[in-house]
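Please find one structure pasted underneath; my questions will follow.
Any read-out appearing in this document is the output of simple, stated calculations on the displayed coordinates, not a laboratory observation. All of these numbers come straight from a predicted model, not from anything done at the bench. Backbone-built Cβ (ideal geometry, glycine too); neighbour counts: all protein chains shown.
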Amino acid sequence: MVERVDARVQGPRGARGSSDSGSAPSVGKEGARAGAPHAPARPVAERSKAWFEVIFDEDHLRTLPQVTAASTRCEVDFLEQALHPDKDAEIIDLGCGIGRHALELAARGYSKVTGFDLSLPLLIRGADESQRRGLKVNFVHGDFRELDRREQYQAAYCLSTSFGFFDDETNRRVLQSICRSLRVGGRLLLEVVNRDYIVRGLPARLGWEGEGCLVLEEVEFNFYTSRLHNRRAVVFMDGRHIEHVISIRCYSLHELGKLLHHAGFRVLDVSGHWAHRGRFFGNDSAALIVLAERRGE
Ligand SMILES: C[S@@+](CC[C@H](N)C(=O)[O-])C[C@H]1O[C@@H](n2cnc3c(N)ncnc32)[C@H](O)[C@@H]1O
């Protein structure tokens with residue numbers, strides 16, 4: 001039931017205790033609107049929402065047949081080795097979705113894992129699963145653009161291309177806030193699609209079968225903005241049909257490295273695949289998996 005779930009999922013402005021209770025009030029557009037007495041937020045229905053505010057729900061999960069428990073375990077093996085946090089370290093999963101990595105870390109004995117995400121349906125799924133398995137993960141409802149923690153975490157990770165949804169300036173600011181949320185020496189593992197790999201195969205038309213649905217995509221790359229544009233249609237067996245236009249800023253390694261450096265990080269290593277840490281094969285590597293640490297100033 002909703003009450004039961006709400007008791008375990010924090011609101012966007014740190015309404016509850018545990019590891020996020022010390023958060024400062026939110027900053028940024030959403031926070032300002034919510035806090036301004038003479039400028040009430042427009043009703044949700046009136047605001048035009050960005051694609052990433054609507055797409056991540058139960059239907060989205062049905063389009064992801066490639067995500068398996070084995071692949072999650074492999075990614076968490078990598079996370080443990082790269083971040084090597086203490087078992088009682090504060091760890092944040094940025095854009096945690098249903099918390100598959102956070103839950104696996106909790107199952108391995110990490111006691112202070114926070115899953116941070118904008119999607120309530122996915123957080124609720126994660127919270128239900130954590131209760132079912134008797135695991136402790138602190139699920140927090142929030143927006144990257146309002147992340148306002150100071151030196152709280154020993155480790156952070158942001159996986160499956162959950163970075164790059166905003167315009168360039170906002171992406172930069174988000175990375176700076178992630179850096180500020182870490183202690184000096186704290187580590188970030190960032191995994192995004194490798195621009196130099198994907199551009200070779202674009203434009204493309206793709207199609208695959210999800211769980212009770214068929215997914216069709218037209219994917220293009222805008223070389224002026226370095227953004228991937230993905231027109232996706234999902235047809236469900238019950239006759240429903242949804243369409244989304246997805247836009248993601250894609251980075252080459254040199255550009256992401258500079259961005260991390262300007263945000264306050266030092267890059268420690270780069271991998272092109274979960275299976276071989278520290279090996280990167282240029283435009284043959286599908287992913288950029290970058291390990292970085294917060295520099296001392
Ligand atoms: C590609 S999914 C990755 C989910 C998870 N990391 C995984 O690997 O299974 C991207 C996630 O980022 C979340 N997200 C999108 N925009 C966000 C925002 N502005 N603030 C916080 N989370 C956001 C989505 O709700 C979604 O769960």
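Report the calculated FRET efficiency for His262 and Glu53 (r = Cβ-Cβ distance, R0 = 25 Å), to the nearest 0.05.
Efficiency for this residue pair is about 0.40.
Hey, fewest Cβ within 10 Å first, where do Lys112, Lys258 land in order?
Ordered by Cβ neighbours within 10 Å, fewest first: Lys258, Lys112.
Fully extended, how many nm does the chain gain between Arg231 and Leu202 (0.36 nm per residue separation, minus their Cα-Cα distance)?
Using 0.36 nm per residue and subtracting the Cα-Cα distance, I get 9.1 nm.
List Glu255, Glu297, Glu217, Glu146 from most exposed to least, where exposure is judged by having the fewest other Cβ atoms within 10 Å.
Lowest count first: Glu297, Glu255, Glu217, Glu146.
Once you have the Cα-Cα distance between Asn222 and Arg132, take 0.36 nm times their residue separation minus that, and quote the gain in nm to one decimal.
28.0 nm
Taking the highest mean first, how do the peptides 97-103, 248-254 order by number of other beta carbon atoms within 10 angstrom per residue?
So the peptides 97-103, 248-254, ranked by packing, come out 97-103, 248-254.
Okay, moving on. Rank-order 187-200, 159-172 by packing density, defined as the average count of other C-beta atoms within 10 Å over each peptide's residues, highest first.
187-200, 159-172
How large is ³J(HN,Hα), in whole Hz, for each residue of segment 264-276 in order, when computed from phi with the Karplus curve 6.51 cos²θ - 1.76 cosθ + 1.60 and θ = phi - 60°, using x for Gly and Pro?
x, 9, 10, 6, 9, 7, 10, 10, x, 7, 5, 7, 9
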